[in-house]
Amino acid sequence: MTQYILTLSCPDRPGIVAAISNIMATHGLNILESQQYGDPLTGRFFMRIGFEGAITKPQCEALFAQPAQDFAMQHQLTEAVHKPRVLILLSKFDHCLVDLIYRQQVGSLNMEIAAIASNHETGRHWTENAGLAYHTLGDKTQKSDNEARLDALIETENIDLVVLARYMQILSSDFVARHPGRIINIHHSFLPSFKGAEPYSQAHRRGVKIIGATAHFVTADLDEGPIIAQGVEPVRHDMDVAAFIDVGRDTERRTLARAVKLFTERRVFLNGDKTVVFD
């Protein structure tokens, strides 16, 4: 028995669930998990089904070809054991990188880190210690060259997801457009609060009572892409900036890891400027 995950989205109308369920029942496919949502604002329907059966992937894809056409579905079928290949980008801060490497090594993230790239040397030790490939990028004056190298990496390494693990260079709108819905960033606050340099110093000066982090898809609008996951932790009036940073970095690690986990388990759907997340 092979386990599969079917994800789909389409214009919402009656009969979608029945069409998929009838195929499952007729061909002896056992549904293990099923989640669905119809958005009344966008008129879109979203569905994620985990199932198993004594059937090959090409045979399975053929079964869903007709309903996909009938309902104008955008759909994807993957084997549950498939591990998406990930490219991680970082700059000076390596806390998110180290966390992602550890979670992959212990099996809590269903992914394969194919490569790591940075415009600094901060992450080289952790990368090479884990037996992973480390690629050095130039500074912000070499943006075109950097993005050309990243495009080449994405193609040669068959990258499914690019993770900005505190990568502090701004990606061009052209680069983002070439990889829609495949780049995740971690932002050190609730968007759009405390943008720019020294966000934790800004938060400390304002006397905030919680620190947050937001993981989102990258779009041409800086730090305004569809949100995947958010995390918060309380802070106190007697904590200094260094304590804020420590709490903030821990929140960033956990929030980014959660977003990556949701993506690699095929639980995140783009829905205009928002996401549908089957957690």
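The values are calculated or read from the model by the stated rules, or taken from the named source; none is laboratory data. All of these numbers come straight from a predicted model, not from anything done at the bench. For neighbour counting, all protein chains shown are included, and Cβ atoms are generated from backbone atoms with ideal geometry for every residue, glycine included. Ligands, DNA and RNA are stripped out before the accessible areas are found, and what is left, the full protein with its side chains, is counted by its heavy atoms. Shrake-Rupley method; radii C 1.70, N 1.55, O 1.52, S 1.80 Å.
Can you give the helix-only mean residue ellipticity at 222 nm for the chain, where every DSSP H stretch with n ≥ 4 adds -39500 (n - 2.57) and the sum goes over all residues, rounded to the nearest 500 deg cm²/dmol?
Working: 8 runs with 94 residues, N = 279.
Mean residue ellipticity, 222 nm, calculated: -10500 deg cm²/dmol.
Quick check: pseudo-label points 7 Å beyond the Cα along Cα→Cβ at His237 and Lys57, how many nm apart are they?
5.8
At 1.4 Å probe radius, can you tell me the per residue accessible area of the chain in Å²?
49
Using alpha carbons only, how many angstrom separate the centre of the stretch 35-104 from the centre of the stretch 131-192?
If you average the Cα positions of each part, the centres end up 21 Å apart.
Once you have a ≥ b ≥ c as the square roots of the Cα gyration tensor eigenvalues for the stretch 180-248, tell me rounded if a/c is under 1.5, and otherwise prolate or oblate according to whether a/b is larger than b/c.
It comes out prolate by the Cα gyration axes.
Give a quick list of trypsin sites (Lys or Arg not before Pro) in the stretch 177-279 that DSSP marks as loop, anything other than H, G, I, E or B, with at most 14 other Cβ atoms within 10 Å.
In loop regions of the stretch 177-279 (DSSP not H, G, I, E or B), the sparsely surrounded trypsin sites (Lys or Arg not before Pro) are Lys195, Lys209, Arg236.
Find how much the distance from Asp139 to Glu33 grows on full extension, using 0.36 nm per residue of separation minus their present alpha carbon separation; answer in nm with one decimal.
33.6 nm
Convex hull volume of the Cα atoms in the stretch 140-224, per residue, in Å³?
Per-residue hull volume (Cα only) is 89 Å³.
What share of the DSSP beta bridges in the chain is antiparallel, in percent to the nearest 5? Intermediate results must be reported in sequence, preceding the final value.
Values: 40 of 56 bridges.
Taking every DSSP beta bridge with both residues in the chain, the antiparallel ones total about 70 percent.
Between Ser193 and Arg85, what's the calculated FRET efficiency when r is the beta-carbon distance and R0 is 25 Å? Round to 0.05. Mind dumping the intermediate values first?
Numbers: r = 33 Å, r/R0 = 1.34.
Efficiency, from the Cβ-Cβ distance: 0.15.
Describe numerically, in nm with one decimal, the distance between label points set 7 Å from Cα along Cα→Cβ at Asp70 and at His179.
Inter-label distance under the simple model: 3.8 nm.
Kyte-Doolittle cut-off -0.5, length cut-off 18 Å along the helix's own axis using Cα: show which whole DSSP H helices in the chain pass.
Membrane-span-like by this criterion, though nothing is claimed about a membrane: 241-264.
Taking Lys140 as the anchor, which lysines have their alpha carbon closer than 22 Å to its alpha carbon, excluding any fewer than eight residues away along the same chain?
Partners within reach: Lys92, Lys195.
Fully extended, how many nm does the chain gain between Ala18 and Lys274 (0.36 nm per residue separation, minus their Cα-Cα distance)? Working shown, then result.
Numbers: separation 256, 0.36 × 256 = 92.16 nm, distance 2.67 nm.
Full extension from Ala18 to Lys274 adds 89.5 nm.
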